[in-house]
Amino acid sequence: MSRLTDYTTLSGDKIAVSDLDDEERLLVCVLKRKAEGSQDQNDFDNFWMKFVSEFYLARRLTHKQIQQTKPYRIARDLSQRVSIRLGVARPPDYRDQLAELIRTKFISRKAFCAATGLSEDMISHVLARRKHLSIESLEQALGRIGYTLRFVPNSPRADQDQERS
Amino acid sequence: MTGSTRHTIKPSIRLVTRWEMTAITIELPIRLVRVDWDPRLPLVVPARESQEQPFWRGEAREPAPASGAAVRMCKFSIPGHRSGKISDGELHDAGTWSWLLDQLYGELDGGLIDIVCLPAAGGGREFRVTLSAGAVGRLHNILQEACERFHRKRIRVVFLDRFAAMEVRHP
């Protein structure tokens, strides 16, 4: 079996594969190979969901537990990469992350604005993708709620460059 | 007269106002055609790889509903772009599609029997979901949030095993 390196997701999170057993490693290899050659988003999604599901249902895991496994998270990320490569979805940007932050950490958009000091009008434009926030004001606003900006690698190539230097 | 049966068709059509349910239900009192199908079977032939002998040990068992539990088959489509009227009309980001799959797979846990993604018109996607009747409410909740995330006013769910539809609106 070819050497399996740690996986970096689109959002820059690293998924270590060293603790996976041989069958799980093979599962990840098959998923990666399938994703590379995939020319149809739906085909790939139908494939990986069934494949990963069958694999872990045989180990008596529930769907919720399966979602926590590394191969599921890798397959999920591969699905996103396939959709971006095929042009059927766009890569997420800071506005998507902002929308997710508001949705999950605040009761409302208004509450987020009150906490960050940003105007509701501005946030409305930003989330509707009509305007951008400057890096300075974004950094300031995020700082007020305990968050910060960071650069993350979004491809294995970036990881390799990092290791080389 | 062997082999022939006289059926009297008395369809009752009930239009429910949108204040009540936002749905149109057409009920046929008698079953005209008997279709022998197993709702747990996938709607589309799975990819070739999954038909091969799996390399792992053990037998995969889907969490089938308790025997006798009602099963529902439904489909809904989501266009490939956000609504141009209430949003910017851009492509959805990749994470939003993943979120939907996650929700259908995880939140319907125990209620989900099968899910198949198909291409839909205009670059959209159609989802065919087979689930236990008890999970329909959870599906409704998921799609209500999906309206917000996919920037859609409504998502229409068509039940394939009965003449019924459900419209989920942005909360």
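The values are calculated or read from the model by the stated rules, or taken from the named source; none is laboratory data. Note that this is a predicted model, so its numbers are computed, not measured. Because the Cβ atoms are built from the backbone with ideal geometry, glycine has one as well, and the counts that use them run over all protein chains shown. Remember, those area values only see protein heavy atoms, side chains included, never the ligands or the DNA or RNA. Shrake-Rupley method; radii C 1.70, N 1.55, O 1.52, S 1.80 Å.
Overview of results
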| quantity | calculated |
| --- | --- |
| Pair list, Cβ under 7 Å, 6 or more apart: segment A:125-154 residue closer than 22 Å to A:Gly12 by Cα, other residue among the basic types (Lys, Arg) and open to solvent by 60 Å² or more (accessible area, probe 1.4 Å) | none |
| Within segment A:88-109, considering residues that are more than 10 Å from chain B (Cβ to nearest Cβ) and part of a helix (DSSP H, G or I), the one most open to solvent (accessible area, probe 1.4 Å) | A:Lys105 |
| Entirely in segment B:89-161, the strands (runs of 3 or more DSSP E) that have 1 or more residues that are away from every other protein chain (no Cβ under 11 Å), open to solvent by 10 Å² or more (accessible area, probe 1.4 Å) and out of contact with any Ser or Thr (no Cβ under 9 Å at 6 or more places or on another chain) | B:125-132, B:154-159 |
| Among (1) exposed (fewer than 14 other Cβ atoms within 10 Å of the Cβ); (2) modelled with pLDDT of 95 or more, the one test that A:Leu78 misses | (1) |
| Hits in segment B:71-81 - residues which are open to solvent by less than 20 Å² (accessible area, probe 1.4 Å) and not aliphatic (A, V, I, L, M) | B:Cys74, B:Phe76, B:Gly80 |
| Failed condition for A:Asp161, given (1) at pLDDT 90 or above; (2) in a helix (DSSP H, G or I); (3) open to solvent by 60 Å² or more (accessible area, probe 1.4 Å) | (1) |
| Exclusive hit being more than 9 Å from chain B (Cβ to nearest Cβ), farther than 30 Å from B:Ala121 by Cβ and among the basic types (Lys, Arg), set A:Arg85, A:Arg25 | A:Arg25 |
| Matching helices (runs of 4 or more DSSP H) fully within segment A:1-72 where at least 3 residues are open to solvent by 50 Å² or more (accessible area, probe 1.4 Å), among the aliphatic types (A, V, I, L, M) and over 18 Å from A:Ala89 (Cβ atoms) | none |
| Number of the exception - A:Ser79 against (1) at the interface with chain B (Cβ under 8 Å from one of its Cβ atoms); (2) in a helix (DSSP H, G or I); (3) free of Cβ contacts under 8 Å to residues at least 40 places away in the same chain | (3) |
